[in-house]
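The values are calculated or read from the model by the stated rules, or taken from the named source; none is laboratory data. Note that the coordinates shown come from a computational prediction; the quantities given were computed from them, not determined experimentally. Backbone-built Cβ (ideal geometry, glycine too); neighbour counts: all protein chains shown. Accessible surface is based on the protein model in full, side chains and every heavy atom, while ligands, DNA and RNA are left aside. Shrake-Rupley method; radii C 1.70, N 1.55, O 1.52, S 1.80 Å.
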Amino acid sequence: MSLTIPYHIFPLGDSAMTVDFGSRISPELNSAVMKLYHELQLTPLPGMVEAVPAYSSLSVHYDLLYCSRHRPAEQTVFEWMGELLDKRLRKLDYEEIIPSREVVVPVCYDISLAPDLEMLARERNLSVEEVIHLHQAAPYRVYLLGFLPGFTYLGETDERIAMPRKMQPSPVVAGSVGIAGRQTGIYSLSSPGGWNIIGRTPLKLFDKDREPLTLLKPGDIIKFVSISKDEFEDH
Amino acid sequence: MNLRIIKSGVLDTVQDQGRYGWQHIGINASGAMDRFSAELANALVGNDSAQPVLEMHFPAASLFFEQPSLIAICGANFSAVLNGEPVPCYQPILVNKYSILQFERLNQGARAYLAIEGGMNIGKWLNSYSTHLKAGAGGHAGRPLSTDDEIRLNSSVDWQSYLERNEFRVLPWRASDFWEKEPVDEIYILPGREFSGLTELSQLSLTGKTFTLTPQSDRMGYRLLGDPLEMQNREEMISTAVTFGTIQLLPNGQLTILMADHQTTGGYPRIAHVISAHHSRLAQLSPAEKLRFRITDYSMAEVLYRRQQQHLHQIRYACQLKLEWFIHAGH
């Protein structure tokens, strides 16, 4: 018997809709999202402009004019598109395994590159070394890319190093590795941000002139490895 | 031959109808804030809708034409002058070489669009001409235009012979002015996923009260100021998709509307979404201006959008015919 995950579909304005598999961070839900995403990439819905995967939801953007001309007379565009998406979801093979890549990401946890590391350690009653150790202890899943081109959302960290976002966003340098709640993430570009910065990777997560544009993609499994300041600078 | 920026404006960028297909890696669509006016400007000079235009904010750039060109300005009215003489919006204008186009006053609207017949010789990034400011890519060198920038023009028509020794010539066809129709401060919305989570009073406030655009309103989004709204329960949401026109409720009870350069994902309650047909209206609002929301339904949103697109289609077709006739008849 096929495994099924309950979902619901709702409109996101007049030109998009979202299918939500349950508002929580879980590898199972995220992998269902990615399966649907790949299915829609292979065979897009009529009038589909693009599909955007998130943690546990996927949104389909569509061309309102095209859909309005092609929908059955008795349905609204959303009713028609929602029905087509629902049919796809019913046929989706949740058990099919999408192979995931394992990627090692070097991180320098030197205090000079980690403006919030000592504060986080103090707040969580840990030593700086313990924070670094816990951050590297487990592999993480890339759940989504969003916010900035190539910004990488990873989960989930050990409960002991979880830390809410800072109250005031401050400037963050590209490559910075941060913690927000039990999420950890990598800033692909320099930007204001509210995550607690505990290190920096020398890898270029986003490059507008590179193919592919981003180093990481949803579904990848990341392992952080500590490097020294010298290694960071030589990279 | 080039279009030269002789004095830069506050924020002038090359835009088109948007860059789609890359939101899954965090690259939002960008594109013209007021896609309708951008398309209209292109239609008036006989360009197809995919051509890049200049999106200008006030104070706007001063531009120098090194070759005779056919141009149109749509959207906001910034009192355009050619070599010091006023020229109209929403009408194609033939300009002679060595002409200077300037913008003197902000009369109405927030964003003006300049289209030039034949388009601009600009490379695409990810299949779009739009400037992506965060990524520093697309448009002209991935950034706003600055003094001494030059953009190569693509026209294949020799406009010189049609000028009849005039410095400029306003051609005798005109698109209907967007401002003449309806109250532009009334924005139609569709309830969002978290709308029903608002308290009953807040649901009423959303449509009953007016909201003011704060100075923190730009291409990324508009911050509004109004009676604070409240959710019945404050629940932490995880990041999920948002779109152009999504109205989010911030933790301080104020609303923000996501615009062309919005982030691809958001974690705030999605109270409502502005209908596509009213994005243009929204894009022409400036800080300190007020707006009111009115809830509509999906059928109406669809009808209004179709009407807008049909209007554009008719104008594009009519302008092409007029332009062909003008080029052949000569005068």
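Under the rule of -39500 (n - 2.57) per DSSP H run of 4 or more residues, summed and divided by the residues of chain B, what mean residue ellipticity at 222 nm is obtained, to the nearest 500 deg cm²/dmol? Walk me through the numbers before you get to the answer.
Working: 4 runs with 56 residues, N = 331.
Taking each H run of at least 4 residues, the total per residue is -5500 deg cm²/dmol.
Taking all pairs of distinct Cα atoms, average 1/r, flip it, and tell me the Kirkwood hydrodynamic radius of chain B in Å to one decimal place.
On the way: mean 1/r = 0.0484 Å⁻¹.
20.7 Å is the Kirkwood radius here.
In Å and on Cα atoms, what radius of gyration and Dmax does the range B:107-228 show?
21.7, 67
Can you tell me the relative contact order of the range A:102-234? Whole percent, Cα pairs under 8 Å, sequence separation 6 or more. Mind dumping the intermediate values first?
Working: 303 pairs, mean separation 47.5, N = 133.
Value for the range A:102-234: 36 percent.
Determine the distance separating the Cα centre of the range B:205-243 from the Cα centre of the range B:271-331; give it in Å without decimals.
Computed from Cα coordinates, the inter-centre distance equals 25 Å.
Does a label point 7 Å from the Cα of residue B:126, set along Cα-to-beta-carbon, have any residues of the range A:170-208 with amide nitrogen under 19 Å, and which are they?
It comes to A:174-175, A:186-192, A:204-208, nothing else.
Have a look at the range A:9-41 and report residues whose accessible surface goes down by 30 Å² or more when the remaining protein chains are included, against the chain on its own, probe 1.4 Å, ligands and DNA/RNA excluded.
Going by heavy-atom accessible area, the residues of the range A:9-41 that drop by at least 30 Å² are A:10, A:11, A:12, A:13, A:14, A:37.
If packing is taken as the average count of other Cβ atoms within 10 Å, what order do A:210-221, B:102-113 fall into, highest mean first? Intermediate values should be presented prior to the final figure.
Values: A:210-221: 17.2, B:102-113: 20.3.
Highest-to-lowest ranking by the protection proxy: B:102-113, A:210-221.
Rg and Dmax of the range A:1-126 over Cα atoms: what are they, in angstrom?
Spelled out, the Cα radius of gyration and Dmax of the range A:1-126 are 19.9, 64 Å.
Report the rotationally averaged projected area of the range B:233-281 based on its alpha-carbon convex hull, in square nanometres.
Numbers: hull surface 14.6 nm².
If you wrap the Cα atoms of the range B:233-281 in a convex hull and average its projections, you get 3.6 nm².
For the range A:28-74 and the range B:136-198, what is the separation of their Cα centres, given in Å?
30 Å
Go through B:4, B:223 and list them by solvent-accessible area, largest first, probe radius 1.4 Å. Before the final figure, lay out the partial values.
Numbers: B:4 70, B:223 110 Å².
The residues order as B:223, B:4, largest area first.
Over chain A, what is the mean sequence separation of C-alpha contacts under 8 Å (at least six apart), divided by residue count, expressed as relative contact order in percent? Show your work: numbers first, answer last.
Working: 457 pairs, mean separation 45.5, N = 235.
Rounded, it is 19 percent for chain A.
Provide a whole-number value for the mean count of partner chain Cβ atoms within 10 Å of the Cβ atoms in peptide A:141-148.
Details: counts 0, 0, 2, 9, 8, 14, 9, 7.
Mean inter-chain Cβ contacts per residue within 10 Å come to 6.
Using only the alpha carbons, work out the radius of gyration and Dmax of the range B:186-296 in angstrom.
Just the Cα atoms of the range B:186-296 yield Rg and Dmax of 12.6, 34 Å.
Taking a point 7 angstrom from the Cα of residue B:81 along the C-beta vector, which residues in the range B:1-45 have backbone N less than 13 Å away?
Inside the label zone: nothing.
Suppose we take every Cα in the protein assembly as shown and form the convex hull; what volume per residue is that in Å³?
162 Å³
With all distinct Cα pairs included, what does the Kirkwood hydrodynamic radius of the range B:2-179 come out to in Å, to one decimal, could you say?
Values: mean 1/r = 0.0624 Å⁻¹.
Evaluated on the range B:2-179, it is 16.0 Å.
Just reorder B:231, B:300 by solvent-accessible area, largest first, 1.4 Å probe, all chains present. Walk me through the intermediate numbers first.
Numbers: B:231 45, B:300 80 Å².
Result, largest first: B:300, B:231.
Can you give the helix-only mean residue ellipticity at 222 nm for chain A, where every DSSP H stretch with n ≥ 4 adds -39500 (n - 2.57) and the sum goes over all residues, rounded to the nearest 500 deg cm²/dmol?
Working: 6 runs with 61 residues, N = 235.
Value at 222 nm, helices only, nearest 500: -7500 deg cm²/dmol.
Ordering B:24, B:313 by how much accessible area each has at a 1.4 Å probe, largest first, what is the list?
Listed by decreasing accessible area, they come as B:313, B:24.
Using alpha carbons only, how many angstrom separate the centre of the range B:85-108 from the centre of the range A:212-235?
52 Å
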